[in-house]
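Quick notes on the structure that follows.
The values are calculated or read from the model by the stated rules, or taken from the named source; none is laboratory data. Note that this is a predicted model, so its numbers are computed, not measured. All Cβ positions, glycine included, derive from the backbone under ideal geometry; neighbour counts span all protein chains shown. Keep in mind that these areas ignore ligands, DNA and RNA; they rest on the heavy atoms of the full protein, side chains included. Shrake-Rupley method; radii C 1.70, N 1.55, O 1.52, S 1.80 Å.
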Amino acid sequence: MNYTQSTVHRGPRFSVIIPVYNSAATLAKAVESVLAQTWSPYEIIVVDDGSTDNSLELARGFGAPVRVVTQANAGVSAARNRGAEMATGDWLAFLDADDWYYPERLRWHAEWIMRDASLDFLTGDYDYRGEDGGLIGTSMAAHASGRTMLGRAAGSNEVVMEAREFEAFVADHFGDTHTLSMPRETFLRLGGYPAGFRVCEDVHFLTRLCAASQWVGVVCRPMGVYLIHAASATRADPLQAQRDNVHTLLDLKRLARGFPGPVRSGVLSRLRGGRLNLGYALVRAGRRWEAIGAVLPSLLETPGWVAFRNLASILKG
């Protein structure tokens, strides 16, 4: 029996999975935010992905409340998948080691799951905060699909997103890995997070999840924090980050042939945006011809005003 089994509520049993790689500076806050939940997690699984700092020792220092799994460095997707395989709860929630939950995060989803068994998965809003803790913004307000959901909620804390609305969500999603709750069975059936991608692996999985879903519960208030790092890999090498993003989206495009129409359209829209962002990064690097080559495939694949406008913006510089 793990530490939470005597205190969990009747209802969904959440296994919270925290992948860790050299996160000694932030791990404690992440774990403590899960321990502080008003809906007790069924278990907390920290997967150390071959850290070379003292992350592993910190995780083990929590004792019985935290189940620690170790593996050779294989990337965040492999770490999340390993945690899901080891989990014994019936619902999964994830948290990166540099982010944290607000106290009601699990409760808001758990109580909704108990009221509505038709939901395929749930997500919600979150806060963007800087390294000084200052609030930068919120996810739903920052994305068109989120603003649509907020408008439809009309002040309510909950709104259901239907499959016909997935195009905008897939094209520019709100929420993130740490606001996502899904049945463990669904996660395993879909094969988990994809290996071999440096960025956008979360979008890859979320899109495949949407393709297998009909109803999504959206909590319209912040459930946790996404920490913005000044020295993140994306900011350190923005050109390579955009190349990696397009690489992941091209794999989704390959899979999209078998997706429902709204999800497939969302993938193509996201790919157009990804190619445009890569084009802009190449222009800033003084590589205009490469920029044109990055954007041109979208015009050839999905000719129309948006693709033409994107190419014209690259030509204009």
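Odds and ends about this structure:
- Filtered by the rule that a residue be small (Gly, Ala, Ser) and at pLDDT 85 or above, the stretch 1-36 gives 11, 15, 23, 24, 25, 28, 30, 33, 36.
- The stretch 52-67: number of residues that are touching a Leu at 6+ places or on another chain (Cβ under 7 Å) and either in a loop (DSSP other than H, G, I, E, B) or surrounded by fewer than 21 Cβ atoms within 10 Å (Cβ to Cβ) (or both): 1
- Extreme residue, nearest to the chain's Cα centre (by Cα), among residues of the stretch 165-198 that are aliphatic (A, V, I, L, M) and crowded, with 18+ Cβ neighbours inside 10 Å: 180
- Hey, residue 49 modelled with pLDDT of 95 or more, under 18 Å from the mean Cα position of the chain (by Cα) and open to solvent by less than 10 Å² (accessible area, probe 1.4 Å) or not: no
- Filtering the stretch 130-140 to residues that are open to solvent by 50 Å² or more (accessible area, probe 1.4 Å) and either at pLDDT 95 or above or among the aliphatic types (A, V, I, L, M) (or both) leaves 135, 136.
- Annotation: residue 205 fulfils all but one of (1) open to solvent by less than 30 Å² (accessible area, probe 1.4 Å); (2) farther than 29 Å from residue 32 by Cα; the unmet one is (2).
- In the stretch 268-317, the residues that are without any contact (Cβ under 8 Å) to a residue 12 or more places away in the chain and among the hydrophobic types (A, V, I, L, M, F, W, C): 289, 300, 305, 308, 312
- Screening the candidates 256, 236, 281 for the property of being open to solvent by 70 Å² or more (accessible area, probe 1.4 Å) and not β-branched (Val, Ile, Thr) yields one hit, 236.
- Close contacts from the stretch 15-44, counting a first residue that is closer than 15 Å to residue 67 by Cα and open to solvent by 40 Å² or more (accessible area, probe 1.4 Å) and a second that is part of a loop (DSSP other than H, G, I, E, B) and modelled with pLDDT under 95, with Cβ to Cβ under 8 Å and a gap of 6+ residues or different chains, come to 35/65.
- Candidates are the residues of the stretch 68-77 that are of a type in the set (A, V, I, L, M, F, W, C) and part of a loop (DSSP other than H, G, I, E, B); the one that is farthest from residue 98 (Cα to Cα) is 72.
Let's see how each residue does on (1) in contact (Cβ under 8 Å) with a residue 40 or more places away in the chain; (2) out of contact with any helix residue (DSSP H, G or I) (no Cβ under 7 Å at 6 or more places or on another chain); (3) not hydroxyl-bearing (Ser, Thr, Tyr):
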site: 92; (1), (2), (3): yes, no, yes
site: 99; (1), (2), (3): yes, no, yes
site: 105; (1), (2), (3): yes, yes, yes
site: 110; (1), (2), (3): yes, yes, yes
site: 151; (1), (2), (3): no, yes, yes
site: 158; (1), (2), (3): yes, no, yes
site: 163; (1), (2), (3): yes, no, yes
